[in-house]
Amino acid sequence: MARHTRNATLTPWIVTALATTLTGVAGCTPDAASAHETHTPAPGAAGIGDTLHPGLGNGGYTVRHTALALRFAEDLTTYTATTTLHGRATRSLSRFNLDLTGTTVRSVTVDGRKATWTRSGQELRVTPPAPVPSGRGFSVEVTVRAPVAGPEAAGKLGTAAIGMVRAKGVIQTINQPSGAHRIAAFADHPAQKAPTTITIAAPTRVNTIANGELTATRREGAYTVRRFESRQKLAPELIQIGVGPFTVVKRPGPDGIKLRYALPTGQVNDLMPQIDAVVPKALRFLTQRLGPFPLRTYGIYASPLGGELETQSLTLLGTEELTEEGMRANGSDTVVAHEISHEYFGNSVSPRRWSDLWLNEGHAVYYQSLWDQAKGGSDLADGMKRRYQDSAAQLRKQGPVADPRRGAFTPEDMAPYGWGAYQGGAVVLYALRQKVGEATFRRIERAWVAEHRDGTAGTADFIRLASRVAGRDLGPFLRSWLYAEKLPAMPGHPDWRTS
């Protein structure tokens, strides 16, 4: 504490921030209750209280580890999935929920014993054979069977969280913000992320890949089974499952990072020159500014279906973007920088609530723009000026950067993936840099990713940390940018005007 104060005296704004933090910890879940209530068996809440996605996540327990085992049919059109979630009860649970939709439930057990269950909307309500006492660890295993969404769903890429999709001979996942529970049972919210094991059994004629590191491979008749371990916590929305005729290429990366790329076998020689030219440089660019990379393994899953998604440790990109022509015509190297930025912002430091998405996307847009400037592309200030000029009209439609309106998004389940989270978030960060100066801004950024590494954090946490690092109360300044539908004057640019 003393290292953040002068003469061991707390300034009033720090006292307020600490009080807010302690209050937030005490009431961080909808199940927060007195000691008596905590030990009286009762159902866990159906969600964790997210205002934009109230049904996502589940109250009454924390998640300590998640295991997902998938087995695909020979024709890859259907699969069975078993989720094993290891949790710890935060209150005595007579019943608890998981998120699940679009699948057929085959079995549910709690601590190895058959449990009863019901379904309502996206909620799977599980009643264990006996209540789970507060503080007790437990495991719940749910097996489901489901079809893999076909080509018709592939046409919705980028406009909906569709879960798992198959077309053009490959399978991939699109889970943001709420697609994971369309694949299997999860506590489907970033605030309940956990280390994750993914095991995939598929016909040997195809290859498979997933987040994390490949730790085991075995043959089972005509099938090959591979196990992938994500030792860092993995949010369900960041899960990637790849199945298809691809080859995995491995490379040593900077600072000991292990690189691996899953590429269509017939395109390896066409795609690798661009990948080798961009990925290591982008990693060095970001680590120089933000500090050590948060993962030991990083790579790309190149899919002919297309899509751009920061699935943790295994970025999803379309094959067309990685060709020489695609790189030149589309500036896809900036997309690569954007997605790698997410390994810090969004993947390692995940949003506490979905309204905090600007901390993911705003940062990724900011560092994408910084990368573009560094390689001789557009000037950072020019790009931010254009975004600033567009801000008023955009924010009136969707709401403030850190307080978007769910009803402003179509479909609503894609809230808050809009202008405010991406462009608006980047403008806020640029304004902060203009306010505190480049050197202080860099210290804020490095402290953010270091102190919240492999965790979750929100807008209030960022304001507190920025204020502490800068040595002054930045709350009024940042809140005026984050919660307004008309942005304030840009520091250093008095001539800029909003629309």
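The values are calculated or read from the model by the stated rules, or taken from the named source; none is laboratory data. Not measured: the values here are computed from a predicted model. Every residue, glycine as well, gets a Cβ built from its backbone with ideal geometry; the counts of neighbours run over all protein chains shown. These area figures cover heavy atoms from the full protein model, side chains too; ligands, DNA and RNA do not enter into them. Shrake-Rupley method; radii C 1.70, N 1.55, O 1.52, S 1.80 Å.
For segment 350-499, just say rounded, prolate or oblate: build the C-alpha gyration tensor, square-root its eigenvalues into a ≥ b ≥ c, call rounded for a/c under 1.5, and beyond that prolate if a/b exceeds b/c, oblate if not.
Rounded is the answer for segment 350-499, as its axis ratio a/c remains below 1.5.
Using Cα positions and a limit of under 21 Å, work out the lysines in reach of LYS168, with same-chain residues fewer than 8 apart set aside.
The qualifying lysines are LYS156.
Whole-Å semi-axes of segment 393-465's equivalent ellipsoid, largest first, each the root of 5 times a Cα gyration tensor eigenvalue?
Listed largest to smallest, the semi-axes of segment 393-465 are 26, 16, 9 Å.
Note down the nm distance, to one decimal, between modelled labels 7 Å out along Cα→Cβ at SER120 and at ARG442.
In this crude label model, SER120 to ARG442 measures out at 5.5 nm.
Tell me, in nm to one decimal, what length is gained between SER94 and GLU74 on full extension, where the rule is 0.36 nm per residue of separation less the Cα-Cα distance?
Extra length available between SER94 and GLU74 comes to 3.2 nm.
Rounded to a whole number, what % of the accessible area of segment 319-413 do carbon and sulfur atoms account for, probe 1.4 Å?
Of the solvent-accessible surface of segment 319-413, carbon and sulfur hold 41 percent.
Give the cross-link partners of LYS193 among the lysines, using a straight C-alpha distance below 19 Å as the criterion and excluding same-chain residues fewer than 8 apart.
LYS233
Between ARG106 and ALA130, what length in nm is gained on full extension when 0.36 nm per residue of separation is reduced by their alpha carbon distance?
Between ARG106 and ALA130, full extension yields an extra 6.5 nm.
Considering only protein heavy atoms and a 1.4 Å probe, what is the carbon-and-sulfur percentage of the accessible area of segment 428-476?
44 percent
How many angstrom lie between the C-alpha centres of segment 415-438 and segment 193-217?
A separation of 36 Å, based on Cα centres.
Would you work out the Kirkwood radius for segment 156-302? I mean one over the mean of 1/r across all pairs of different Cα atoms, in Å.
16.5 Å
Which is farthest toward the positive dipole end of the chain among VAL108, LEU316, PHE138, measuring Cα position about the Cα centre, with Cβ charges +1 (Lys, Arg) and -1 (Asp, Glu)?
Checking the options against the dipole of the chain, the answer is PHE138.
For ARG479 and ALA160, what does the FRET efficiency come to when R0 = 30 Å and r is the distance between their Cβ atoms, rounded to the nearest 0.05?
So the FRET efficiency works out to roughly 0.40.
With each pseudo-label sitting 7 Å past Cα toward Cβ, what's the ARG251-THR410 distance in nm, one decimal?
For the pair ARG251/THR410, the computed spacing is 4.2 nm.
With a 1.4 Å probe and every protein chain kept in, tell me what percent of the accessible surface of segment 161-212 is carbon plus sulfur.
49 percent
Determine the sum of side-chain charges near GLY242: Lys and Arg each +1, Asp and Glu each -1, restricted to other residues whose C-beta is under 12 angstrom from that of GLY242.
+3
Suppose every K and R has +1 on its Cβ and every D and E has -1 on its Cβ; what is the size of the dipole of the chain about the Cα centre, in Debye to the nearest 20?
Dipole size: approximately 1100 debye.
Averaged per residue, what accessible area in Å² does the chain show with a 1.4 Å probe, protein chains only?
Accessible surface, normalised per residue, equals 40 Å².
Using alpha carbon centroids, what distance separates segment 104-152 and segment 340-392, in Å?
Cα centres, segment 104-152 to segment 340-392: 38 Å.
Quick one: putting +1 on the C-beta of Lys and Arg, -1 on the C-beta of Asp and Glu, what dipole do you get for segment 98-175 around its Cα centre, in Debye to the nearest 20?
Here the size comes out at about 160 debye.
Would you tally the net charge around ALA153, using a Cβ to Cβ cut-off of less than 15 Å, leaving ALA153 out, and scoring K and R as +1, D and E as -1?
Residues close to ALA153 contribute a combined charge of +2.
Near TYR223, within a Cβ-to-Cβ distance under 15 Å, what is the net charge of the other residues, with Lys and Arg +1 and Asp and Glu -1?
For residues surrounding TYR223, the net value is +3.
Calculate for the chain the 222 nm mean residue ellipticity that helices alone would give, adding -39,500 (n - 2.57) per DSSP H run of length 4 or more and normalising by residue count, nearest 500 deg cm²/dmol.
Calculated at 222 nm, the ellipticity per residue is -9000 deg cm²/dmol.
List the trypsin sites (Lys or Arg not before Pro) within segment 330-387 that fall in a DSSP loop (any state other than H, G, I, E or B) and whose Cβ has at most 16 other Cβ atoms within 10 Å.
Filter output for segment 330-387: LYS375.
How large is the translational diffusion coefficient of segment 265-420 in µm² per second when you combine the Kirkwood radius over alpha carbon pairs with Stokes-Einstein at 25 °C and 0.890 mPa s?
147 µm²/s
With N set to the residue count of the chain, report its C-alpha Rg divided by 2.2 N^0.38 Å to two decimal places.
Normalised by 2.2 N^0.38 Å, the Cα Rg of the chain equals 0.98.
DSSP loop trypsin sites (Lys or Arg not before Pro) in segment 247-303 with at most 11 other Cβ atoms within 10 Å of their Cβ, which ones?
none
Just name one of THR410, TRP371, GLN389: the one whose Cα is farthest towards the positive end of the charge dipole of segment 363-499 (beta-carbon charges, Lys/Arg +1, Asp/Glu -1).
With unit charges placed on the Cβ atoms, the residue in question is GLN389.
At ARG145 and MET272, where each label point lies 7 Å from the Cα along Cα→Cβ, what is the point-to-point distance in nanometres?
With each label placed 7 Å out from Cα toward Cβ, I get 4.2 nm.
Suppose the chain between ALA392 and LYS168 were pulled fully straight at 0.36 nm per residue; how much longer would it get relative to their current alpha carbon spacing?
Contour length minus the Cα-Cα distance gives 76.5 nm.
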